[in-house]
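*Asks:* Sharing a structure, written as structure tokens. Questions coming.
The values are calculated or read from the model by the stated rules, or taken from the named source; none is laboratory data. Keep in mind that what you see is a predicted model, and the values were worked out from it rather than measured. Note that we place each Cβ from the backbone using ideal geometry, even for glycine, and neighbour counts take in every protein chain shown. Surface accessibility is based on the protein's heavy atoms, side chains included, excluding ligands, DNA and RNA. Shrake-Rupley method; radii C 1.70, N 1.55, O 1.52, S 1.80 Å.
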Amino acid sequence: LQIESKQLCRDGSELMSIDDIDHVICCTGFISNLESFLSPQIIDALEYDSEDSFSPLTLAWDTLHPSSLPNMAFCGMYRGPYMGIVELQARIAAGVMNGSVSISCEEVKSALEISRSIRTATPKAQFPHFDYIGYIDTLAKLFYDDCYPIFNVNIGDVVLPSFYQANEEISEKSKQELETEFLRGQDGSRMPNIVLQSILGKWSFERYIMHFQTNKVERVYGTVNYSKYFERSSNDEEEIDGDLVGHIFKHPAKERPVLYREDGVYELSPTQKFDVFREYEYECNKDVLDIFFVEGGKRAHLFLSLKFVPETLSWNGGHNGEYWVKATSDHLCIKDLYSATFRVKLNGLSASEIVIKYRVKGPSKDYESTTILKPSWS
């Protein structure tokens, strides 16, 4: 077998050869087709059902059928496998075949019955093995003499497949990387990107502007679109008659900041209305989210730098269980001070509401603008 890949070959060559291969089986992972290359006797022993995408085979730990097929094993042949489990299945299969792993006939018989009961259960669960941690623990006990994982064994701890490695150096390195990621999550450096990704899409908005000197209230309403856009180098291939030559770019697209585009109606009074639009650029900068003015379709100067922090102490600490994050920033425009407060309600990694408030004070200005954005599903 020859694989063409510059990345696989350390010597820089484009071809890598692998010897002693009997068959190469290419599969998509969606539809099994074992009957095309396995004999009817083997198919019968496996109790194979080509129409069953849930769990098409009866196997001990979804891997072995040693009494009937001692030299055959399967990995990941059920709905929803994870790579940590697939790796342990491969280790168990190799161990049984080379004699380093010993499993009693009673254990195999019990495991086959469990597999059969999962396949025939009515109604079926969404996945055959929805308890990922429990299943990988079961496989680890088969393969290892000691108890695995060796790290993060308390209830509520995060578990990684690498914790089930026999190589403790790999497990320790993974543990350190995990702790580093937790620290990064707590220092606020990830919050700008989380907020920016959560608000992408279309929103409807209403804005009320309260002028304190006159007690007059003005209204603006319309739509906002937060969208990513890209730029490419001038060295990229040119468009000819509207078609991209070869549809291949010489240089990857550079992701640019998120564009805020607002289109609305400004309602001074029931009889005075006019169309308005506004654009900003949002960009993550370390632990802050920077907002820039856009003038004439191009970025102008910096408007605000927002550092978001949790408004509630836990995911269940807010009203009705919502999780709000909040940021404040000031902008001095000549003699007018704009004090901004941004609040974003997160449901998981998606925003379900945005509240933007500006308190503006100056020689001839004294008003408060409150904008409420809701997702637009149209």
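*Asks:* Can you list residue pairs whose Cβ atoms sit under 6 Å apart, with the first residue in the range 211-228 being over 30 Å from Q197 (Cα atoms) and the second being modelled with pLDDT under 95? Count only pairs 6 or more apart in sequence or on different chains.
*Replies:* E218/L268
*Asks:* Among (1) at pLDDT 90 or above; (2) of a type outside the set (G, A, S); (3) more than 24 Å from D137 (Cα to Cα); (4) surrounded by 11 or more Cβ atoms within 10 Å (Cβ to Cβ), which single condition is T58 missing?
*Replies:* (3)
*Asks:* I need the full set of residues from the range 157-184 which are modelled with pLDDT of 85 or more and among the basic types (K, R), in order please.
*Replies:* K173, K175 - these are the residues of the range 157-184 that are modelled with pLDDT of 85 or more and among the basic types (K, R).
*Asks:* Scan (1) modelled with pLDDT of 95 or more; (2) in a loop (DSSP other than H, G, I, E, B) for the single condition T328 breaks and write down its number.
*Replies:* In the conditions (1) modelled with pLDDT of 95 or more; (2) in a loop (DSSP other than H, G, I, E, B), T328 misses (2) alone.
*Asks:* If the requirement is being in contact with a Pro (Cβ under 7 Å, 6 or more places away or on another chain) and either β-branched (V, I, T) or part of a strand (DSSP E or B) (or both), which of these qualifies: V101, V96, V86?
*Replies:* Within the list V101, V96, V86, the selection yields V96.
*Asks:* Give me a count of the residues in the range 202-253 that are basic (K, R), modelled with pLDDT of 95 or more and open to solvent by 70 Å² or more (accessible area, probe 1.4 Å).
*Replies:* Count: 1.
*Asks:* Looking at the range 256-273 only, could you name the residues that are part of a strand (DSSP E or B), under 25 Å from M210 (Cβ atoms) and modelled with pLDDT under 90?
*Replies:* L268, S269
*Asks:* Please indicate, with yes or no, whether at least one residue in the range 123-130 is in contact with a helix residue (DSSP H, G or I) (Cβ under 9 Å, 6 or more places away or on another chain), surrounded by 15 or more Cβ atoms within 10 Å (Cβ to Cβ) and closer than 25 Å to L34 by Cα.
*Replies:* yes
*Asks:* Using the structure shown, decide if M83 is among the aliphatic types (A, V, I, L, M), touching a Gly at 6+ places or on another chain (Cβ under 9 Å) and open to solvent by 30 Å² or more (accessible area, probe 1.4 Å).
*Replies:* yes
*Asks:* Identify all residues within the range 284-306 that are touching a residue at least 40 places away in the same chain (Cβ under 8 Å) and open to solvent by less than 80 Å² (accessible area, probe 1.4 Å); write none if there are none.
*Replies:* The answer is C284, N285, D287, V288, L289, L306.
*Asks:* Scan the range 158-189 for residues that are open to solvent by less than 60 Å² (accessible area, probe 1.4 Å) and without any contact (Cβ under 8 Å) to a residue 12 or more places away in the chain and jot them down.
*Replies:* Q165, G185
*Asks:* Which ones in the range 325-357 are within 11 Å of F308 (Cβ to Cβ) and open to solvent by less than 30 Å² (accessible area, probe 1.4 Å)?
*Replies:* The answer is V325, A327, S329, F342, V344, L346.
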